[in-house]
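The numbers here are math on the coordinates, done by the rules we state, and not lab data. Everything numeric in this text was worked out from a predicted model, so none of it was measured. Cβ coordinates were reconstructed from backbone atoms using ideal geometry, including for glycine residues, and neighbour counts include every protein chain displayed.
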Amino acid sequence: MKRKVGALEKVDADLSSLQYKVRRDPTSYREDFLGQYEQYEAQRQIFMQAPASVTDTGIVSFRDLIDFVAHVADCYPIDTAQFPEDLIQLVSLHHEHLGSELREKVVGSLVLLRRKDIIDSPRLLQTLFPLLISTPSKSTRTLLYQKCLSDLRTSNAKTTNHRLNRTFQTVLSNLLTSDRTSPKGLWAVKITRELWKRQIWTESKAVEIMKEASLAENEKIVIGGVRFFLGGDKEREELDDESSDEDAIDMGKIKHQIGINKKTKKKARQMENAVATVKRKERKKKQPHPLNFSAFHLLHDPQGFAEDLFFKHLQNTKSRLNLDQKLLVLQLVSRLVGLHKLTIMNLYSYFIKYLTPRQPSVTSFLASLAQATHSLVPPDVLESLVKKIADEFVSEAVAPEVASAGLNTIREICVRQPLAMNYTLLQDLVDYRKSKDKGVMMAAKGLLGLYREIAPGMLRKRDRGKDATMGLRSGERKEQRFGEEAIGQIEGLELLEKWKEEENQRRIAAKGDDVEPGPSDDDVDDADGWEFDEDSDSDSGGWQNVSSDDDAKDADRIGRPLKKARHDRRTSVETEEDEEDEEEDQEEDQEEDQEDAEKDEEEQDQDADKENNPDQASEAARLETAVSSLATTRILTPADLAKLQELRLAASINNALPASQRRRAAAAHQAALQRHVDDPLTAAEIEGLASLSSKNTKEQRIAIAKAGKEDKDEVKKSTTARRKEKKQEQGKSTTNREKARKKNFLMTLGKAKGKQKKSLVDRGKVLKAHKERGKRGGKRGNKG
Amino acid sequence: MGSSAKKKKDKKKDFQKPKLKVGKARPKPANFTDTSFKSKAIVLNQQSLTTAAPSATSQFAHHISLLTSRTDSQRRDSLSYLTTAIATRPTNAPLPQPVSVLLPKLFPLTLDISNGVRSQLLKLLRALPPRDIEDHIGNVILWIRAGVTNLAAEIRSSTMDMLAWALDCAGDALVSCAGGWVKTLKALIIMQGWPMESSPQAWSSTKTTFGKLGSDGKALAKSLTTLAAFLEAGLHDRRQEQGMQSMSWGWPLNHVEQHMISRRSNCFAYLNLFGPPPDEESQIYEDRGDRQRVFANRFRKPIELGLEAAKQGGGDVGRASARVQKAIKDGMKDFDGLN
């Protein structure tokens, strides 16, 4: 209850002026402070006697007193030694009875005391967190949540406060594990997710908390945990992007303004701040990317986790999740399985019941199935599923959208496990490329294209296409067998080696004969070749070579850098795999196997192979030794890696293509880059081609066409107006030309009159000067 | 021209007569407000069916509830009603509401903004039977302490009156309740603005005061008088009076009153069985000797220093400080500093 306070009384009861005085001169006002502290004590005792029935009365409320004491507590550390403890006791024992304002004030005061370093972070969090999970008031919960987060953020701002993090993580994980049914664990999920998003917690303990959350009994917590795994990393990346491009400071503009405007201390301070911010940003930009692994890669026991999830939430008939929630869990399980190549046999039979076109959100199921497929899943398990999809989804009787979704799914499955397809089914499906519906046709063509790449032998001879037939004939194309893994290596390494050799020779030739030939490129590297110029090539990361001698897949599983570095990785993985294919092709001669289906057809191909064999074998052996010598004897410097990238680009097939096709190839390459091994397969991708099946109406087409242009035709503006706007945006006013144009006519008259009276010599001088000025580039010249 | 033509048209519009038509309702004016409403039922709130006025008890309760009213005058009037009701009740009749109900409602008014309310409150308190207050003295002293250190001078001054009243009612209980002696003394000293420790303050340092002191010296004199009364209550030797009582017992019985169960309520309070662990300040000092010791250790010096300064002022303040000095002298004369 608030009462109107008269003006005189206001002067009397002015705590804020007392606070101001105390802060300026603590020793003189000690007695006054003690008086108010006594007052606070008395009010506190009154409150503690009957917490439930206290009303705020009088001129100075209890709330104001708490605020006052909290603000000046650092001036009298001895007198107020008991104060934080009192507040903590007050709020933790009686938070239910406290009025909302008083409660918020107490919490705020505790945070203030933390800021003044009177209490430490763990103490504060120990007080606030139990309140957060027990208080019935919503506004208080929001406040406490904010305060908890901001405290964790500030204490991790300069350096990571490992001790605090560890204790808090333990508290959260205990909260989740102690009572799996209670909904209180939601706070653990919320806090962990937020801190993960802000990259404050990036270690496996946080992921462990979310793992516990996903295995909880309460649906909300389960879904919170699952959503974290499915979207937490993306959220983190997005936030990072946002924060990096927000409020770019234009130093030029600020400097210009400082030159023009009145010089005040405030302006000078603003300038200093701006400079400091820009510097900080630059320093940040130069720092190496922190290693932030995605949550999937930080899981300790993915197999156990995936199994638990599957048996607890999906297979379990008592699970209380609804379909949407189950789908989320299924997505998580299938992503885990696909990413870590786990084996959960029941998972595939679980899908069977859901694979009908009538099943709600069946495309999500299809996407999950495709996602759960990997090269180590036994083909016979998948074969029945593929058969079922083909039967249910792909026929003349079903709608074209359904058929295209089915074909798309089959394609996605076969990308991951080509052996899941059998010969006859493939012929049937490929025949849909003659379909009248565009979506179905495209999907079938996609499948055809895939098998041309991975196993052209399974296609009919006329479907194979030119490249595949030639590849089969020369033995380049080869079917992969179950469980086969490619040998990993650094792609383009032989190019680098070759280049180094050439460089060496060139140097020797330049220096003459007195320098003995030898492995002297190390010295060159030491001089200035270790680092390469950052500006010339933006995407690099010194740490890339972590993956250098690992298996390509392993390397990818280990880590997932931030966007920029990630792009880099994508290219390398992509190209590495290509390389592997070639590698295998060259080794083919050691393997006697051929496709069973078409043995007879391939007789002459084999002959051709054998003719090439000796040549290829020697080549392969040579390459093998070269690669091993370079990768194992030297450390690849960042400069080396940059060069490698350059050589790779130069040597890529694209360069051989004509310009028109090169562009298309580049676009395709770019599209491939957009997808990452870690990225999920979504229902939208499965449905993608369905949009081709139905024609848009005229209105829809108009709407689509208009969507891009909307901002253009808001207000029609003249060219000058637009130019002027552009200038103003850059912090400039008008051009000299504009000034000249606008100049008062009468003012120009005098000059013009003078011009006419000039003597011939003077006129000549003027003309000469004009010419000279033109050469120099204006009055001030081009120097500045 | 354009604007004037428009104005003309507007003007013309004002004087156009609405056309009335036969058989049609009259056209509504432009500023017509539709006040009709539709309702399935019209509900009348319950109305009083009694013919007589509300009973005295219910009125009493009603006025108690009005004590938290927003308007000053309402609070004051309610208080005065309660005062009359209590004062004019027949002799030996119990209070309309017990003191334990009344007091929690009354105490917050100690810190009330309005002067009138506070003075009226004091009247009401004086009307209450003193014996009933004794049991609630622990609560009373809390509010008094809150008032004594309040920022507003007027509240402090009126709290002094309240303290005087409490000392009159139950002085003995007041000084011997938990925190009643040390904390109250401390608050009183702080209120005078006397430094608690002989801190190394410069001799020229001006005495700072919180809030406005209330420019007249009357407030200071009043507070000194109350301090004297408080000290008398705490340090005064009551053994003579009790000794007279003990005389009346016959031979085999000696010092019986020492062995009898105390007449006070909650006579084992000093054991502090259920409260929080006490510190030195909120300790119960039931014994006069204890009080003397604490006083000598902590308060005698600052008070005497302060009194010296106050005495030099002369006038009312000087006289009041002389009274305090006398109280100290009387109270501490048999204190040898050993027990």
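Rounded, prolate or oblate, given the Cα gyration tensor of segment A:359-485, with a/c below 1.5 counting as rounded? Intermediate values should be presented prior to the final figure.
Working: a/c = 2.27, a/b = 1.26, b/c = 1.80.
Because a/c hits 1.5 or more and a/b fails to exceed b/c, segment A:359-485 counts as oblate.
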Contour minus Cα-Cα distance for A:T719 and A:A684 (0.36 nm per residue): 8.3 nm
Förster radius 22 Å - calculated FRET efficiency between A:N736 and A:S759, Cβ distance, rounded to 0.05: 0.15
Length gained when the stretch A:R141-A:F311 is fully extended (0.36 nm per residue, less Cα-Cα span): 57.8 nm
Ascending count of other beta-carbon atoms within 10 Å, so fewest first, for B:S282, B:S321: B:S282, B:S321
Segment A:1-155: relative contact order as a whole-number percent, Cα under 8 Å and 6+ apart: 20 percent
Partner lysines for B:K13 [C-alpha distance under 21 Å; skip if fewer than 8 residues away on the same chain]: B:K21, B:K28
Cα-Cα over 28 Å, subset of A:K138/A:K158; A:K105/A:K184; A:K267/A:K732; B:K105/B:K326; A:K312/A:K353; A:K158/A:K205: A:K138/A:K158; B:K105/B:K326
Förster radius 56 Å - calculated FRET efficiency between A:R153 and B:V101, Cβ distance, rounded to 0.05: 0.65
Which of A:V69, A:T135, A:L102, positive extreme of dipole for segment A:1-155 (C-beta unit charges): A:T135
Electrostatic dipole magnitude of segment A:1-155 [Cβ: Lys, Arg +1; Asp, Glu -1; Cα centre; debye, to 20]: 660 debye
Label point 7 Å beyond Cα of A:D380 along Cβ direction - residues of segment A:406-437 with amide nitrogen under 19 Å: A:417-425
Distance in nm between pseudo-label sites at A:D120 and B:K8 (7 Å out along the Cβ direction from Cα): 9.1 nm
Inter-site label distance for A:K184 and B:E257 at 7 Å from Cα along Cβ, in nm: 5.7 nm
Cα gyration tensor, segment A:1-155 - rounded (a/c under 1.5), prolate or oblate: oblate
³J(HN,Hα), Karplus 6.51/-1.76/1.60, whole Hz, each residue of segment A:14-22, x for Gly, Pro: 8, 5, 5, 6, 4, 4, 4, 5, 4
Using θ = phi - 60° and Karplus 6.51 cos²θ - 1.76 cosθ + 1.60, couplings along segment A:422-434 (whole Hz; Gly, Pro as x): 10, 4, 5, 4, 4, 4, 4, 5, 5, 5, 5, 5, 8
Relative exposure of B:I190, A:I702, B:I86, judged by other C-beta atoms within 10 Å (fewest first): A:I702, B:I86, B:I190
Nearest-0.05 FRET efficiency for A:R701 and B:V22, computed from C-beta distance (R0 56 Å): 0.40
Estimated inter-spin distance, A:N261 and B:Y270, nm [label 7 Å along Cα→Cβ]: 7.4 nm
Positive-pole candidate from A:L125, A:Q45, A:Q19, dipole of segment A:1-155, charges at beta carbon: A:L125
Karplus-derived HN-Hα couplings along segment A:41-51 (A = 6.51, B = -1.76, C = 1.60, θ = phi - 60°), whole Hz, x at Gly and Pro: 4, 4, 4, 5, 5, 4, 5, 5, 5, 9, x
